[in-house]
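Engineer: Below is the structure I would like to discuss, written out as structure tokens.
The values are calculated or read from the model by the stated rules, or taken from the named source; none is laboratory data. Since we're looking at a predicted model, the values are computed, not measured. Every residue, glycine among them, receives a Cβ derived from its backbone with ideal geometry; neighbour counts consider all protein chains shown. Just so you know, the surface numbers come from the protein's heavy atoms only, side chains and all, with ligands and any DNA or RNA stripped out. Shrake-Rupley method; radii C 1.70, N 1.55, O 1.52, S 1.80 Å.
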Amino acid sequence: MGLSGVNSASAQDRTAFGHELLAEHHEISIALSAAPPAVSKNAAVWVLRREGFVQAREGSNGFSCLVQRGNTDVDVLAPTCFDAEASETIMHVQLLQGRLWAEGKTASEVDKAVAAAFASGDLRPPTRGSVGYMMSSAQSLGEVGSWHPHMMIYAPYVTAQDIGANLSDPKNPVRVLNPGRPDARIIVIVADWVDPVEVTTSTSQRSGQ
């Protein structure tokens with residue numbers, strides 16, 4: 001995975017639950033690069049630590065950014081910026097997963113706990129249209145690597161058949177992830193990546209004003 005100028009190799013660590021830890025300033029840069037700077041510059045940021053995800057920076061625009069990790073593939077790095085509604089709903093799936101990993105739960109136990117949390121109401125799907133940005137060039141989604149810059153439109157319980165998403169059609173820019181589940185989302189491919197260096201430069205210029 002190329003981090004486009006954000007070098008984490010010397011800072012990386014592996015926790016007891018197998019996921020990679022990054023130096024905080026690196027992880028913040030990567031997380032913020034999930035969305036265009038106009039969106040992410042005033043977003044809250046969460047980072048993964050041994051106890052799970054912790055908030056590293058307050059925000060002022062309702063957005064929250066973090067580098068999501070995979071439940072079954074510990075090498076996944078999926079920078080995401082959530083809008084206000086998704087920050088209060090879908091993002092909490094990842095926060096719960098982080099706590100459970102820190103407790104030493106297996107991937108299967110985590111999946112069952114997430115399903116139980118939705119069933120009990122401890123987790124809830126969005127109550128209105130909401131989005132997440134995944135446009136970082138530091139994206140590494142397991143076997144597919146840096147797949148495409150894209151946006152996620154959270155649509156509880158939607159299926160590919162509902163919206164005509166055809167995975168076998170290379171010209172169809174729409175996909176569905178987690179079909180039929182409360183955390184289902186429509187994936188829409190967008191044109192351009194955001195590089196962590198852009199975010200670092202933008203943040204430095206802003207702090208110097």
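Engineer: For the chain, give the share of DSSP beta bridges that are antiparallel, in percent and rounded to the nearest 5; count only bridges with both residues there. Mind dumping the intermediate values first?
Structural biologist: Numbers: 29 of 33 bridges.
Looking only at bridges with both residues in the chain, the antiparallel portion is about 90 percent.
Engineer: Just to confirm, what accessible area per residue do you get for the chain at 1.4 Å probe, in whole Å²? Intermediate results must be reported in sequence, preceding the final value.
Structural biologist: Working: 9860 Å² over 209 residues.
Here the residues of the chain average 47 Å² of exposed surface.
Engineer: Where the only charges are on Cβ atoms (+1 Lys, Arg; -1 Asp, Glu), what is the dipole of the chain about its Cα centre, to the nearest 20 debye?
Structural biologist: Around 220 debye, computed over the chain.
Engineer: Cα-based Rg of the stretch 52-149 per 2.2 N^0.38 Å, rounded to two decimals?
Structural biologist: Values: Rg = 13.7 Å, N = 98, 2.2 N^0.38 = 12.6 Å.
Dividing the Cα Rg of the stretch 52-149 by 2.2 N^0.38 Å gives 1.09.
Engineer: To continue, here is another question. What relative contact order, as a whole-number percentage, does the chain give when Cα pairs under 8 Å and 6 or more residues apart are counted?
Structural biologist: Numbers: 442 pairs, mean separation 43.4, N = 209.
About 21 percent, as a whole number.
Engineer: Ignoring any ligand, DNA or RNA, what whole percent of the accessible area of the chain comes from carbon and sulfur when the probe is 1.4 angstrom?
Structural biologist: Details: 5080 of 9860 Å².
Ligands and nucleic acids excluded, carbon and sulfur give 52 percent.
Engineer: Quickly work out the D162-to-D192 label distance, labels modelled 7 Å from Cα along the C-beta direction, and quote it in nm with one decimal.
Structural biologist: In this crude label model, D192 to D162 measures out at 3.2 nm.
Engineer: Identify which of A107, A43, A119 has the largest mean-square fluctuation in a Gaussian network model of the chain, with springs joining Cα atoms closer than 10 Å.
Structural biologist: Result for the chain, Cα springs under 10 Å: A119 fluctuates most.
Engineer: Could you pull out the longest piece of the chain with no exposed loop trypsin sites (Lys or Arg not before Pro) in it, calling a site exposed if DSSP puts it outside H, G, I, E, B and it has at most 10 other Cβ atoms within 10 Å?
Structural biologist: Values: sites that count: R128, K171.
Answer from the scan: 1-127.
Engineer: Just tell me which aspartates and glutamates come within less than 15 Å, Cα to Cα, of K105; anything on the same chain fewer than 8 places away is out.
Structural biologist: Within reach: E51, D73.
Engineer: Now, a different point. Could you give the Stokes-Einstein D for the chain in µm² per second, using the C-alpha Kirkwood radius, 4 °C, 1.567 mPa s?
Structural biologist: Details: Rh = 17.3 Å.
Approximately 75 µm²/s, per Stokes-Einstein.
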